[in-house]
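*Asks:* Please find one structure pasted underneath; my questions will follow.
The values are calculated or read from the model by the stated rules, or taken from the named source; none is laboratory data. This one's a predicted model, so the numbers in the text were calculated from it and none came from an experiment. All Cβ positions, even for glycine, are placed from backbone atoms using ideal geometry, and neighbour counts span all protein chains on display. Accessible surface is based on the protein model in full, side chains and every heavy atom, while ligands, DNA and RNA are left aside. Shrake-Rupley method; radii C 1.70, N 1.55, O 1.52, S 1.80 Å.
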Amino acid sequence: MKAINTKFTRQFLSTIGLYQPIRAIYRHFEHRQEVAFYSKLLEPDSLCFDVGANVGKKTFALLEAGMRVVAFEPQPDCIYDLKMKCMDYLSNLIDCECAVGAEVGESTLYINSVHSHSSLKRDWLNEVTVNEIKVPVITLDRAIEDYGRPDYCKIDVEGWEYEVLKGLTQPIPLLSFEYHLSQKEVGKALICLEYLTQFGDLRINLRAQGKSMFTYQDWLTLQEFLRLFPDAYRPLKGYSYGNIFVRIG
């Protein structure tokens, strides 16, 4: 998609009527990659938490891969789009219009000009805030109490990952959280990993944004990963952000 995502290329393809068809084909291909990825990663009928579900891209892939999903998303427009996207799988979907954080309560969500970049963290990555709304907040512990312990928990909350993890006092077998290689965000990723060590031995893998598979065939110990992160990934094309996957125990 990057090849067709320059301004000139978009304009040219739009002029000849091909941009939207090519974009649709790419999105379908990307979705099938996600379904295949989760089908290999998880057992059928696994319970998954999608924390920061946005419009349901990951939720939809997990459902199509045969999983049960609890999706947490505080933006009303996004949760509506998520339900529309996943209409054929509603029996395996629970949608929760709320944020997840360190404590149960209420917080301010900063709506950014790009809705997928909205965050409970003000000025995350210097994004432009166009609105602020109050949203309910629950913790992962409360979510587990309500829906059961997930086999997998995906966390993508635009700089709020550590706050989400602070609301967890029990192990989840498999988690993932977003990383960025900016210095400030690297520190956040390291704090998240340190927090998770209280639950047992960690095995780590990396999936850069847009990649169809893990970076490593064999999962790394925490010590092995920390010897590489972040410096070994800075020169690699496409690794400026992505997701760190953590197996616990």
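*Asks:* Just to be sure I understand, if you calculate percent of Cα pairs over 30 Å apart for this structure, which of (i) 23; (ii) 26; (iii) 31 do you get?
*Replies:* Checking each listed value against the structure points to (ii).
*Asks:* Quick one: which residues, 5+ away or cross-chain, put their amide H under 5 Å from the amide H of Ala53? H built at 1.01 Å from N.
*Replies:* Placed amide hydrogens put Phe72, Glu73 under 5 Å from Ala53.
*Asks:* Let me ask something additional. About the Cα centre, and with charges only on the beta carbon of Lys, Arg (+1) and Asp, Glu (-1), how big is the dipole of the range 85-214? Nearest 20 debye, please.
*Replies:* 360
*Asks:* Same structure again: For the chain, build the charge dipole from Cβ charges (+1 Lys, Arg; -1 Asp, Glu) around the Cα centre, then report which of Val70, Thr59, Ile133 sits farthest towards its positive end.
*Replies:* Going by the charge dipole, the pick is Thr59.
*Asks:* Hey, can you rank 51-58, 156-163, 103-110 by average C-beta count inside 10 Å, highest first?
*Replies:* Ranking, from highest mean packing down: 51-58, 156-163, 103-110.
*Asks:* Once you've got the Cα coordinates, tell me which of Lys85/Lys211; Lys40/Lys154; Lys57/Lys184 are over 20 Å apart.
*Replies:* Cα-Cα > 20 Å for Lys85/Lys211; Lys57/Lys184; rest within.
*Asks:* Also: Where the only charges are on Cβ atoms (+1 Lys, Arg; -1 Asp, Glu), what is the dipole of the chain about its Cα centre, to the nearest 20 debye?
*Replies:* Here the chain has a charge dipole of around 1060 debye.
*Asks:* What size of dipole, in debye to the nearest 20, comes out for the range 66-146 about its Cα centre when the only charges are +1 on Lys and Arg C-beta atoms and -1 on Asp and Glu C-beta atoms?
*Replies:* Roughly 120 debye, rounded to the nearest 20.
*Asks:* In terms of the Cα gyration tensor, with a ≥ b ≥ c the square roots of its eigenvalues, is the range 73-188 rounded because a/c is under 1.5, prolate because a/b exceeds b/c, or oblate?
*Replies:* Verdict is oblate for the range 73-188.
*Asks:* Can you give the net charge of the other residues whose Cβ lies under 11 Å from the Cβ of Tyr80, counting K and R as +1 and D and E as -1?
*Replies:* So the surrounding residues net to -3.
*Asks:* How high is the relative contact order of the range 99-185, in percent, counting Cα pairs under 8 Å that sit 6 or more residues apart?
*Replies:* It rounds to 32 percent for the range 99-185.
*Asks:* Continuing with this model, one more query. Would you please give the residues with an amide H less than 5 Å from that of Ile94, counting only those at least 5 places away or on a separate chain, with H modeled from the backbone geometry?
*Replies:* The answer is Val69, Val70, Ala71.
*Asks:* What is the local net charge at Ala53, summed over the other residues whose Cβ is closer than 9 Å to its Cβ (Lys, Arg +1; Asp, Glu -1)?
*Replies:* Around Ala53, the charge tally is -1.
*Asks:* Let me ask something else. For the range 88-228, build the charge dipole from Cβ charges (+1 Lys, Arg; -1 Asp, Glu) around the Cα centre, then report which of Leu175, Ile111, Gly148 sits farthest towards its positive end.
*Replies:* My answer, from the dipole projection, is Leu175.
*Asks:* Something else: When Lys and Arg each count +1 and Asp and Glu each count -1, what net charge do the other residues less than 14 Å away from Leu193, Cβ to Cβ, add up to?
*Replies:* Summing Lys/Arg as +1 and Asp/Glu as -1 gives -1.
*Asks:* Another one. Could you look at the range 28-148 and say what percent of its accessible area is carbon and sulfur, using a 1.4 Å probe and all protein chains?
*Replies:* Carbon and sulfur atoms account for 48 percent of the accessible area of the range 28-148.
*Asks:* Now a separate question. Please give the per residue accessible area of the range 101-249, computed with a probe of 1.4 Å over protein heavy atoms only, in Å².
*Replies:* 49
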